[in-house]
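Right, one structure below, let's go through it.
The values are calculated or read from the model by the stated rules, or taken from the named source; none is laboratory data. The structure presented is a predicted model; accordingly, all values stated were derived computationally and were not measured. Counting neighbours? That spans all protein chains shown, and the Cβs are built from the backbone with ideal geometry, glycine included.
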Amino acid sequence: MKTLDFAKIRSAKGRLRTFALSIAVLGAGTGTLLPSIRVVAAAEAAAPSKIGDLSSYRTIVVDTASMVNNGDLDGAKARIKDLEVSWDDAEPSLKPRSPAEWHAIDKAIDRALSDLRSGKPDATACKESLANLLKVMDGGGRS
Amino acid sequence: MPSPNAARFLNKVPEVTAVFWIIKIMSTTVGETGADYLAVHVGLGAATTGAIMVALLIAMLVVQLRARKYVPWKYWLTVVLVSIVGTQITDALTDGLDVSLYVSTAVFAVALAATFVIWYWSERTLSIHTIVTRPRELFYWAAILFTFALGTAAGDLATEALGLGFRVGVLVFGAAIAVIAAAFYGGADAVLTFWLAYLLTRPLGASLGDLLSQSRPNGGLGLGTIDTSVIFLAVIAALVAFLSVVPNRMGMQPKLTEEL
(Lines give C-alpha, C1' and ligand atoms only; values in the text may rest on other atoms or scores of the structure.)
Protein backbone atom coordinates (compact mmCIF):
# COMPACT_ATOMS: atom_id res chain seq x y z
CA MET A 1 0.00 0.00 0.00
CA LYS A 2 2.74 2.38 1.06
CA THR A 3 4.89 1.70 -1.99
CA LEU A 4 1.93 2.19 -4.26
CA ASP A 5 1.32 5.62 -2.71
CA PHE A 6 4.94 6.59 -3.18
CA ALA A 7 4.84 5.62 -6.83
CA LYS A 8 1.73 7.69 -7.28
CA ILE A 9 3.33 10.67 -5.59
CA ARG A 10 6.46 10.33 -7.65
CA SER A 11 4.60 10.21 -10.95
CA ALA A 12 2.46 13.13 -9.80
CA LYS A 13 5.63 15.05 -9.02
CA GLY A 14 6.99 14.15 -12.46
CA ARG A 15 3.86 15.39 -14.12
CA LEU A 16 3.99 18.55 -12.09
CA ARG A 17 7.57 19.13 -13.17
CA THR A 18 6.68 18.64 -16.84
CA PHE A 19 3.76 20.99 -16.40
CA ALA A 20 5.94 23.65 -14.72
CA LEU A 21 8.56 23.26 -17.43
CA SER A 22 6.06 23.70 -20.24
CA ILE A 23 4.65 26.78 -18.50
CA ALA A 24 8.18 28.17 -18.25
CA VAL A 25 8.86 27.48 -21.93
CA LEU A 26 5.54 29.02 -22.93
CA GLY A 27 6.27 32.01 -20.71
CA ALA A 28 9.71 32.50 -22.24
CA GLY A 29 8.17 32.24 -25.73
CA THR A 30 5.51 34.87 -25.13
CA GLY A 31 8.09 36.97 -23.31
CA THR A 32 10.16 37.27 -26.47
CA LEU A 33 7.13 37.84 -28.68
CA LEU A 34 5.28 40.34 -26.55
CA PRO A 35 7.63 43.34 -26.59
CA SER A 36 7.45 43.69 -30.37
CA ILE A 37 3.65 43.46 -30.29
CA ARG A 38 3.57 46.09 -27.57
CA VAL A 39 5.78 48.49 -29.52
CA VAL A 40 3.51 48.23 -32.56
CA ALA A 41 0.42 48.79 -30.44
CA ALA A 42 1.98 51.82 -28.76
CA ALA A 43 2.91 53.34 -32.11
CA GLU A 44 -0.53 52.87 -33.67
CA ALA A 45 -2.96 53.67 -30.87
CA ALA A 46 -2.87 57.04 -29.13
CA ALA A 47 -0.97 55.41 -26.26
CA PRO A 48 -3.88 54.24 -24.08
CA SER A 49 -2.67 54.07 -20.51
CA LYS A 50 -1.99 50.60 -19.17
CA ILE A 51 -3.00 51.97 -15.79
CA GLY A 52 -6.54 52.58 -17.00
CA ASP A 53 -8.70 55.68 -17.09
CA LEU A 54 -6.60 58.68 -16.04
CA SER A 55 -9.14 61.31 -17.10
CA SER A 56 -10.16 62.34 -13.56
CA TYR A 57 -6.51 63.00 -12.68
CA ARG A 58 -5.88 64.73 -15.98
CA THR A 59 -8.79 67.10 -15.35
CA ILE A 60 -7.21 68.24 -12.09
CA VAL A 61 -3.88 68.89 -13.80
CA VAL A 62 -5.60 70.93 -16.52
CA ASP A 63 -7.49 72.92 -13.86
CA THR A 64 -4.30 73.55 -11.92
CA ALA A 65 -2.40 74.61 -15.04
CA SER A 66 -5.08 77.13 -16.04
CA MET A 67 -5.00 78.61 -12.51
CA VAL A 68 -1.23 79.00 -12.78
CA ASN A 69 -1.70 80.66 -16.18
CA ASN A 70 -4.13 83.14 -14.59
CA GLY A 71 -1.60 83.89 -11.87
CA ASP A 72 -3.68 82.16 -9.17
CA LEU A 73 -0.87 80.18 -7.54
CA ASP A 74 -2.71 79.75 -4.24
CA GLY A 75 -5.75 78.30 -6.02
CA ALA A 76 -3.47 76.02 -8.02
CA LYS A 77 -1.79 74.83 -4.82
CA ALA A 78 -5.19 74.01 -3.29
CA ARG A 79 -6.45 72.28 -6.46
CA ILE A 80 -3.45 70.00 -6.90
CA LYS A 81 -4.02 68.61 -3.41
CA ASP A 82 -7.10 66.87 -4.87
CA LEU A 83 -4.74 65.12 -7.26
CA GLU A 84 -2.33 64.14 -4.50
CA VAL A 85 -5.11 62.64 -2.37
CA SER A 86 -7.02 60.81 -5.11
CA TRP A 87 -3.83 59.51 -6.74
CA ASP A 88 -2.52 58.25 -3.40
CA ASP A 89 -5.85 56.64 -2.49
CA ALA A 90 -5.97 54.68 -5.74
CA GLU A 91 -2.33 53.54 -5.59
CA PRO A 92 -3.11 49.90 -4.64
CA SER A 93 -5.39 49.60 -7.67
CA LEU A 94 -3.33 51.50 -10.23
CA LYS A 95 0.26 50.56 -9.44
CA PRO A 96 0.10 46.79 -10.10
CA ARG A 97 -1.29 47.40 -13.60
CA SER A 98 1.95 49.01 -14.70
CA PRO A 99 4.48 49.80 -11.97
CA ALA A 100 6.85 51.57 -14.39
CA GLU A 101 4.16 53.88 -15.74
CA TRP A 102 2.81 54.48 -12.24
CA HIS A 103 6.26 55.48 -10.95
CA ALA A 104 6.85 57.83 -13.89
CA ILE A 105 3.55 59.62 -13.27
CA ASP A 106 4.11 59.60 -9.50
CA LYS A 107 7.51 61.27 -9.94
CA ALA A 108 6.03 63.90 -12.25
CA ILE A 109 3.25 64.58 -9.70
CA ASP A 110 5.84 64.92 -6.93
CA ARG A 111 7.75 67.48 -8.99
CA ALA A 112 4.62 69.55 -9.66
CA LEU A 113 3.63 69.34 -5.99
CA SER A 114 7.01 70.53 -4.76
CA ASP A 115 7.10 73.37 -7.32
CA LEU A 116 3.65 74.60 -6.30
CA ARG A 117 4.40 74.21 -2.61
CA SER A 118 7.81 75.86 -2.54
CA GLY A 119 8.08 78.91 -0.27
CA LYS A 120 7.93 81.30 -3.20
CA PRO A 121 6.46 79.35 -6.10
CA ASP A 122 7.96 80.18 -9.47
CA ALA A 123 5.13 80.40 -12.04
CA THR A 124 7.40 79.40 -14.92
CA ALA A 125 8.67 76.34 -13.07
CA CYS A 126 5.09 75.38 -12.11
CA LYS A 127 3.90 75.71 -15.72
CA GLU A 128 6.80 73.57 -16.87
CA SER A 129 6.28 70.79 -14.33
CA LEU A 130 2.50 70.72 -14.98
CA ALA A 131 3.05 70.58 -18.74
CA ASN A 132 5.53 67.76 -18.19
CA LEU A 133 3.01 65.95 -15.96
CA LEU A 134 0.36 66.09 -18.70
CA LYS A 135 2.87 64.77 -21.20
CA VAL A 136 3.80 61.88 -18.93
CA MET A 137 0.11 61.04 -18.32
CA ASP A 138 -0.72 61.17 -22.02
CA GLY A 139 2.38 59.36 -23.13
CA GLY A 140 1.78 56.26 -21.01
CA GLY A 141 4.57 57.08 -18.60
CA ARG A 142 7.07 58.49 -21.10
CA SER A 143 7.96 62.16 -20.93
CA MET B 1 23.10 46.18 32.51
CA PRO B 2 22.01 43.19 34.60
CA SER B 3 23.01 39.76 33.38
CA PRO B 4 20.30 38.06 31.32
CA ASN B 5 19.12 35.92 34.19
CA ALA B 6 19.30 38.54 36.92
CA ALA B 7 16.00 40.26 36.28
CA ARG B 8 13.36 37.74 35.31
CA PHE B 9 9.79 38.74 34.86
CA LEU B 10 6.65 37.05 33.64
CA ASN B 11 6.39 36.38 29.92
CA LYS B 12 5.86 39.83 28.41
CA VAL B 13 4.31 38.77 25.13
CA PRO B 14 0.98 37.06 24.38
CA GLU B 15 0.46 33.43 23.51
CA VAL B 16 -0.20 32.80 19.85
CA THR B 17 -3.93 32.27 19.45
CA ALA B 18 -6.49 32.95 16.71
CA VAL B 19 -7.22 36.31 18.35
CA PHE B 20 -3.50 37.09 18.25
CA TRP B 21 -3.41 36.64 14.47
CA ILE B 22 -6.63 38.58 13.88
CA ILE B 23 -5.36 41.58 15.84
CA LYS B 24 -1.94 41.31 14.19
CA ILE B 25 -3.34 41.33 10.64
CA MET B 26 -5.69 44.23 11.42
CA SER B 27 -2.93 46.26 13.12
CA THR B 28 -0.92 45.93 9.93
CA THR B 29 -3.69 47.51 7.86
CA VAL B 30 -4.43 50.26 10.35
CA GLY B 31 -0.72 51.00 10.63
CA GLU B 32 -0.36 51.60 6.95
CA THR B 33 -3.58 53.51 6.26
CA GLY B 34 -3.20 55.57 9.45
CA ALA B 35 0.27 56.81 8.56
CA ASP B 36 -0.81 57.44 4.99
CA TYR B 37 -3.79 59.45 6.20
CA LEU B 38 -1.61 61.75 8.30
CA ALA B 39 0.97 62.20 5.55
CA VAL B 40 -1.35 62.87 2.61
CA HIS B 41 -4.88 63.81 3.77
CA VAL B 42 -3.85 65.86 6.79
CA GLY B 43 -0.90 67.07 4.74
CA LEU B 44 1.89 66.63 7.26
CA GLY B 45 4.14 65.06 4.65
CA ALA B 46 6.08 61.81 4.92
CA ALA B 47 9.01 63.27 6.89
CA THR B 48 6.96 64.92 9.66
CA THR B 49 4.65 61.91 9.98
CA GLY B 50 7.71 59.66 10.18
CA ALA B 51 9.28 61.74 12.94
CA ILE B 52 6.03 61.76 14.96
CA MET B 53 5.63 57.99 14.61
CA VAL B 54 9.24 57.25 15.61
CA ALA B 55 8.82 59.46 18.71
CA LEU B 56 5.54 57.71 19.60
CA LEU B 57 7.12 54.29 19.07
CA ILE B 58 10.07 55.10 21.34
CA ALA B 59 7.70 56.38 24.04
CA MET B 60 5.50 53.29 23.73
CA LEU B 61 8.50 50.92 23.75
CA VAL B 62 9.60 52.48 27.03
CA VAL B 63 6.11 51.88 28.44
CA GLN B 64 6.13 48.28 27.16
CA LEU B 65 9.65 47.57 28.48
CA ARG B 66 8.81 49.03 31.88
CA ALA B 67 5.65 46.97 32.28
CA ARG B 68 6.11 44.13 34.74
CA LYS B 69 3.92 41.73 32.82
CA TYR B 70 2.04 41.37 29.56
CA VAL B 71 -0.64 44.06 29.35
CA PRO B 72 -2.72 43.73 26.15
CA TRP B 73 -3.15 47.44 25.31
CA LYS B 74 0.54 48.25 25.88
CA TYR B 75 1.69 45.30 23.81
CA TRP B 76 -0.70 45.87 20.91
CA LEU B 77 -0.23 49.62 20.74
CA THR B 78 3.51 48.94 20.46
CA VAL B 79 2.82 46.46 17.63
CA VAL B 80 0.69 49.01 15.73
CA LEU B 81 3.47 51.60 16.05
CA VAL B 82 6.18 49.13 15.04
CA SER B 83 4.00 48.30 12.05
CA ILE B 84 3.79 51.98 11.05
CA VAL B 85 7.50 52.68 11.53
CA GLY B 86 8.57 49.43 9.83
CA THR B 87 6.47 50.39 6.81
CA GLN B 88 7.80 53.95 6.82
CA ILE B 89 11.43 52.81 6.88
CA THR B 90 10.85 50.84 3.69
CA ASP B 91 8.87 53.66 2.06
CA ALA B 92 11.55 56.22 2.96
CA LEU B 93 14.23 54.01 1.39
CA THR B 94 12.17 53.39 -1.76
CA ASP B 95 10.57 56.79 -2.36
CA GLY B 96 13.05 59.07 -0.61
CA LEU B 97 16.40 57.51 -1.35
CA ASP B 98 15.50 55.57 -4.52
CA VAL B 99 16.77 52.30 -3.06
CA SER B 100 15.61 49.40 -5.23
CA LEU B 101 13.09 47.03 -3.61
CA TYR B 102 15.39 44.13 -4.47
CA VAL B 103 18.12 45.75 -2.37
CA SER B 104 15.89 46.66 0.58
CA THR B 105 14.28 43.20 0.58
CA ALA B 106 17.75 41.60 0.69
CA VAL B 107 19.05 44.01 3.36
CA PHE B 108 16.04 43.48 5.67
CA ALA B 109 16.21 39.71 5.16
CA VAL B 110 19.86 39.78 6.26
CA ALA B 111 19.05 42.09 9.19
CA LEU B 112 16.26 39.75 10.34
CA ALA B 113 18.47 36.68 9.99
CA ALA B 114 21.25 38.45 11.93
CA THR B 115 18.80 39.33 14.70
CA PHE B 116 17.85 35.65 15.07
CA VAL B 117 21.50 34.54 14.99
CA ILE B 118 22.56 37.01 17.70
CA TRP B 119 19.41 36.27 19.70
CA TYR B 120 20.12 32.53 19.64
CA TRP B 121 23.84 32.98 20.21
CA SER B 122 23.17 35.13 23.28
CA GLU B 123 20.13 33.32 24.73
CA ARG B 124 20.39 29.76 23.40
CA THR B 125 16.67 29.87 22.62
CA LEU B 126 14.34 31.76 20.31
CA SER B 127 11.27 30.75 22.29
CA ILE B 128 8.56 33.39 22.45
CA HIS B 129 7.17 31.66 25.53
CA THR B 130 10.11 32.85 27.58
CA ILE B 131 10.41 36.55 26.84
CA VAL B 132 11.26 37.01 30.50
CA THR B 133 14.41 39.16 30.41
CA ARG B 134 15.20 42.59 29.04
CA PRO B 135 17.63 41.32 26.35
CA ARG B 136 15.11 38.78 25.09
CA GLU B 137 12.44 41.44 24.98
CA LEU B 138 14.71 43.70 22.92
CA PHE B 139 15.53 40.85 20.51
CA TYR B 140 11.81 40.12 20.17
CA TRP B 141 10.93 43.71 19.24
CA ALA B 142 13.91 44.03 16.88
CA ALA B 143 12.74 40.88 15.10
CA ILE B 144 9.19 42.26 14.87
CA LEU B 145 10.42 45.58 13.46
CA PHE B 146 12.45 43.79 10.78
CA THR B 147 9.59 41.44 9.83
CA PHE B 148 7.40 44.48 9.21
CA ALA B 149 10.09 46.22 7.14
CA LEU B 150 10.86 43.02 5.23
CA GLY B 151 7.16 42.21 4.81
CA THR B 152 6.59 45.66 3.31
CA ALA B 153 9.58 45.47 0.96
CA ALA B 154 8.91 41.89 -0.16
CA GLY B 155 5.18 42.58 -0.54
CA ASP B 156 5.83 45.70 -2.64
CA LEU B 157 8.37 43.76 -4.67
CA ALA B 158 5.71 41.13 -5.41
CA THR B 159 3.39 43.93 -6.54
CA GLU B 160 6.04 45.57 -8.71
CA ALA B 161 7.78 42.56 -10.18
CA LEU B 162 4.73 40.34 -10.68
CA GLY B 163 2.05 43.01 -11.06
CA LEU B 164 0.22 41.34 -8.17
CA GLY B 165 -2.98 43.26 -7.44
CA PHE B 166 -4.66 43.14 -4.03
CA ARG B 167 -7.31 40.59 -5.05
CA VAL B 168 -4.70 38.09 -6.18
CA GLY B 169 -2.56 39.22 -3.22
CA VAL B 170 -5.18 38.18 -0.67
CA LEU B 171 -5.37 34.72 -2.27
CA VAL B 172 -1.61 34.24 -2.72
CA PHE B 173 -0.54 35.44 0.74
CA GLY B 174 -3.54 33.72 2.36
CA ALA B 175 -2.64 30.45 0.65
CA ALA B 176 1.03 30.79 1.68
CA ILE B 177 -0.04 31.25 5.30
CA ALA B 178 -2.36 28.24 5.05
CA VAL B 179 0.59 26.14 3.82
CA ILE B 180 2.69 27.34 6.77
CA ALA B 181 -0.15 26.58 9.19
CA ALA B 182 -0.44 23.08 7.72
CA ALA B 183 3.33 22.62 8.11
CA PHE B 184 3.11 23.74 11.74
CA TYR B 185 0.33 21.27 12.56
CA GLY B 186 2.27 18.66 10.61
CA GLY B 187 5.16 19.06 13.04
CA ALA B 188 7.39 21.66 11.38
CA ASP B 189 9.57 23.85 13.58
CA ALA B 190 7.38 26.15 15.69
CA VAL B 191 9.82 29.08 15.80
CA LEU B 192 10.37 29.05 12.03
CA THR B 193 6.68 28.70 11.14
CA PHE B 194 5.69 31.43 13.61
CA TRP B 195 8.05 34.01 12.15
CA LEU B 196 7.29 33.04 8.54
CA ALA B 197 3.58 33.46 9.23
CA TYR B 198 4.30 36.72 11.05
CA LEU B 199 6.19 37.97 8.01
CA LEU B 200 3.47 36.98 5.54
CA THR B 201 0.65 38.55 7.52
CA ARG B 202 2.18 41.95 6.63
CA PRO B 203 1.42 41.72 2.88
CA LEU B 204 -1.80 39.80 3.63
CA GLY B 205 -3.01 42.59 5.92
CA ALA B 206 -2.12 45.22 3.32
CA SER B 207 -3.96 43.35 0.53
CA LEU B 208 -6.97 42.77 2.77
CA GLY B 209 -7.12 46.46 3.69
CA ASP B 210 -6.89 47.39 0.00
CA LEU B 211 -9.66 44.94 -0.87
CA LEU B 212 -12.01 46.64 1.58
CA SER B 213 -10.97 50.25 0.92
CA GLN B 214 -10.46 50.43 -2.85
CA SER B 215 -13.33 51.58 -5.05
CA ARG B 216 -15.72 49.06 -6.63
CA PRO B 217 -14.72 49.90 -10.22
CA ASN B 218 -11.17 49.04 -9.21
CA GLY B 219 -12.21 45.69 -7.78
CA GLY B 220 -12.46 46.62 -4.12
CA LEU B 221 -15.46 46.81 -1.81
CA GLY B 222 -15.46 50.61 -1.87
CA LEU B 223 -15.39 51.33 1.86
CA GLY B 224 -12.64 53.92 1.53
CA THR B 225 -9.49 54.13 3.64
CA ILE B 226 -11.09 56.04 6.51
CA ASP B 227 -14.06 53.71 7.07
CA THR B 228 -11.83 50.65 6.69
CA SER B 229 -9.39 51.99 9.28
CA VAL B 230 -12.18 52.93 11.68
CA ILE B 231 -13.80 49.48 11.40
CA PHE B 232 -10.48 47.69 11.91
CA LEU B 233 -9.54 49.98 14.80
CA ALA B 234 -12.89 49.28 16.47
CA VAL B 235 -12.42 45.51 16.08
CA ILE B 236 -8.86 45.74 17.46
CA ALA B 237 -10.05 47.84 20.42
CA ALA B 238 -12.87 45.37 21.14
CA LEU B 239 -10.54 42.35 20.97
CA VAL B 240 -7.88 44.03 23.13
CA ALA B 241 -10.56 45.00 25.66
CA PHE B 242 -11.78 41.40 25.60
CA LEU B 243 -8.23 40.13 26.20
CA SER B 244 -7.81 42.56 29.07
CA VAL B 245 -10.97 41.33 30.78
CA VAL B 246 -10.59 37.58 30.31
CA PRO B 247 -6.85 36.94 30.11
CA ASN B 248 -6.82 33.51 31.65
CA ARG B 249 -9.29 31.89 29.34
CA MET B 250 -7.21 32.94 26.36
CA GLY B 251 -4.23 30.91 27.50
CA MET B 252 -2.20 33.87 28.63
CA GLN B 253 -0.88 32.42 31.84
CA PRO B 254 2.84 32.96 32.01
CA LYS B 255 4.80 29.93 30.92
CA LEU B 256 8.35 29.60 32.06
CA THR B 257 9.12 26.43 30.17
CA GLU B 258 11.88 26.61 27.61
CA GLU B 259 10.14 24.52 25.00
CA LEU B 260 8.56 25.88 21.89
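Filter the range A:57-105 down to residues that are more than 9 Å from chain B (Cβ to nearest Cβ) and not in a helix (DSSP H, G or I) and give me whichever is surrounded by the most Cβ atoms within 10 Å (Cβ to Cβ).
A:72
Between a residue in the range B:229-243 that is more than 11 Å from residue B:27 (Cβ to Cβ) and any residue that is of a type in the set (A, V, I, L, M) and outside any helix (DSSP H, G or I), which pairs come within a Cβ distance under 9 Å, given they are 6 or more apart or on different chains?
Within 9 Å, the pairs are B:231/B:223; B:242/B:250; B:243/B:250; B:243/B:252.
Any idea how many residues of the range B:121-130 are more than 18 Å from the chain's Cα centre (by Cα), farther than 14 Å from residue B:10 by Cα and in contact (Cβ under 8 Å) with a residue 60 or more places away in the chain?
Residues in the range B:121-130 being more than 18 Å from the chain's Cα centre (by Cα), farther than 14 Å from residue B:10 by Cα and in contact (Cβ under 8 Å) with a residue 60 or more places away in the chain: 3 in total.
When residue B:244 is evaluated against the numbered criteria (1) closer than 30 Å to residue A:51 by Cβ; (2) part of a helix (DSSP H, G or I), which criterion, by number, is the only one it fails?
The single condition residue B:244 does not satisfy is (1).
Taking the condition in contact with a helix residue (DSSP H, G or I) (Cβ under 7 Å, 6 or more places away or on another chain), in a helix (DSSP H, G or I) and modelled with pLDDT of 90 or more, does residue B:197 pass?
It is true that residue B:197 is in contact with a helix residue (DSSP H, G or I) (Cβ under 7 Å, 6 or more places away or on another chain), in a helix (DSSP H, G or I) and modelled with pLDDT of 90 or more.
I'd like to verify a number: residues in the range A:106-143 that are part of a helix (DSSP H, G or I), basic (Lys, Arg) and within 17 Å of residue A:68 (Cβ to Cβ), how many?
Count: 4.
The rows are residues; the columns are (1) under 23 Å from residue B:104 (Cα atoms); (2) touching a residue at least 60 places away in the same chain (Cβ under 8 Å).
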| position | (1), (2) |
| --- | --- |
| B:132 | no, yes |
| B:139 | yes, no |
| B:144 | yes, yes |
| B:156 | yes, yes |
| B:164 | yes, no |
| B:174 | no, no |
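Conditions tested, residue by residue: (1) among the acidic types (Asp, Glu); (2) in contact with a His (Cβ under 6 Å, 6 or more places away or on another chain); (3) over 16 Å from residue B:237 (Cβ atoms); (4) modelled with pLDDT under 80.
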{"residue": "B:36", "(1), (2), (3), (4)": "yes, no, yes, yes"}
{"residue": "B:54", "(1), (2), (3), (4)": "no, no, yes, no"}
{"residue": "B:64", "(1), (2), (3), (4)": "no, no, yes, no"}
{"residue": "B:67", "(1), (2), (3), (4)": "no, no, yes, no"}
{"residue": "B:74", "(1), (2), (3), (4)": "no, no, no, no"}
{"residue": "B:80", "(1), (2), (3), (4)": "no, no, no, no"}
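Let me confirm something: among B:176, B:158, B:183, which residue is farther than 20 Å from residue B:70 by Cβ and within 14 Å of chain A (Cβ to nearest Cβ)?
The conditions single out B:158.
Residues are listed down the side, and each one gets a yes or a no for (1) at pLDDT 90 or above; (2) out of contact with any Asp or Glu (no Cβ under 8 Å at 6 or more places or on another chain):
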site	(1), (2)
B:204	yes, yes
B:209	no, no
B:219	no, yes
B:226	no, yes
B:235	yes, yes
B:240	yes, yes
B:244	no, yes
B:248	no, yes
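Can we say residue B:25 is more than 14 Å from every other protein chain (Cβ to nearest Cβ) and either outside any helix (DSSP H, G or I) or closer than 21 Å to residue B:132 by Cα (or both)?
It is false that residue B:25 is more than 14 Å from every other protein chain (Cβ to nearest Cβ) and either outside any helix (DSSP H, G or I) or closer than 21 Å to residue B:132 by Cα (or both).
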